[in-house]
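As structure tokens, the structure follows; a few thoughts come after it.
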Amino acid sequence: MIDFRPATFFDVDGFSHSDLLDPAEPVWTALGRTLSEYFESWSDWSINIDVPAGVHLLGNRIAIAAGCSIEPGAVIVGPAILEEGVQIRTGAYIRQNVLLTAGSLVGAHSEVKGSILFPGAKAPHQAYVGDSILGRDVNLGAGTICSNVKNVGREISFSAGGETHHTGLRKFGAILGDGCKTGCNTVLNPGVLMGPGSVTYTNASIRSGFYPAGTLIKLRQTQQVTEMRILKQD
């Protein structure tokens, strides 16, 4: 039987929001209503930096710790919590129920919605992170998409270990364990769970399911290189 509890994916020792992660429940239970309720119970909505001109803060439930760096052109829609050392680059869109813990990064023109980024997790360039959890020091290659909704709008389920696992979530992107890395333009379809240290090749489209720690997901392509024939005109 596959263990889907948080400790399979993350080092939770010292994690400042460990109440979100029930050690006895599947890791995805931290998302959806649980994450929304966590924000409802949060009380410290203080902003401890001088917000630069050109940064748009929408809503009154936004917490920004000292030492955060936010570039002009970023949009943050509350509720959102930014811990110390978070970097938000120009054009980033932080859209409701987003928890960015110490040293995490949302890069230029990346969007994060309904998600948790562990310390040091990075979505640097034109990424989409929807209803997902990125573990410590995860790095998303440019253009990585954590897709979170099926086109048919049904509950997200996935097959692993000979069983079908029902998440109870209609919106559920990816769980990426500590140290995972995706190649540029990777698409993680709804319901991907990758164990720590897993890596994807560039341009890979990852099917829903569980990938154990240390998995390397390769993409094989065939290229044909030929000489161009230039037609001479009379």
- Query: Which one of V55, A24, H109 has its Cα pushed farthest toward the positive end of the charge dipole of the chain, where Lys and Arg give +1 and Asp and Glu give -1 at the Cβ?
  - Reply: H109
- Task: Counting only heavy atoms of the protein chains, get the accessible area per residue of region 148-234 (1.4 Å probe) and round it to a whole Å² value.
- Result: 66
- Message: How big is the dipole moment of the chain about its Cα centre under a simple scheme where the beta carbon of each Lys and Arg is +1, that of each Asp and Glu is -1, and everything else is neutral? Debye, nearest 20, please.
- Response: 1020
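So for the chain, if I pair up every lysine 8 or more residues apart or on another chain, how many of those pairs have alpha-carbons under 16 Å apart?
So the count works out to 5.
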- Task: Please find, in a Gaussian network model of the chain (springs between Cα atoms separated by less than 10 Å), the residue of S110, S69, S46 whose mean-square fluctuation is greatest.
- Result: S46
- Note on the structure: A 1.4 Å probe over the protein heavy atoms gives region 72-169 a carbon and sulfur accessible-area percentage of 46
- Query: Binning every alpha carbon pair distance of region 1-95 at 10 Å from zero, what are the percents per bin?
  - Reply: 15, 40, 30, 13, 2, 0
- Given (i) 137; (ii) 169; (iii) 116, the label whose value is volume of the Cα convex hull per residue in Å³ derived from this model: (ii)
- Cα-projected label distance for I47 with S69, points at 7 Å along beta-carbon direction, nm: 2.0
- Note on the structure: Once normalised by the length of region 100-234, the mean sequence separation of its alpha carbon contacts under 8 Å that are 6 or more apart gives a contact order in percent of 17
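The values are calculated or read from the model by the stated rules, or taken from the named source; none is laboratory data. The structure presented is a predicted model; accordingly, all values stated were derived computationally and were not measured. We place every Cβ from the backbone using ideal geometry, glycine too, and count neighbours over all the protein chains shown. Ligands, DNA and RNA are stripped out before the accessible areas are found, and what is left, the full protein with its side chains, is counted by its heavy atoms. Shrake-Rupley method; radii C 1.70, N 1.55, O 1.52, S 1.80 Å.
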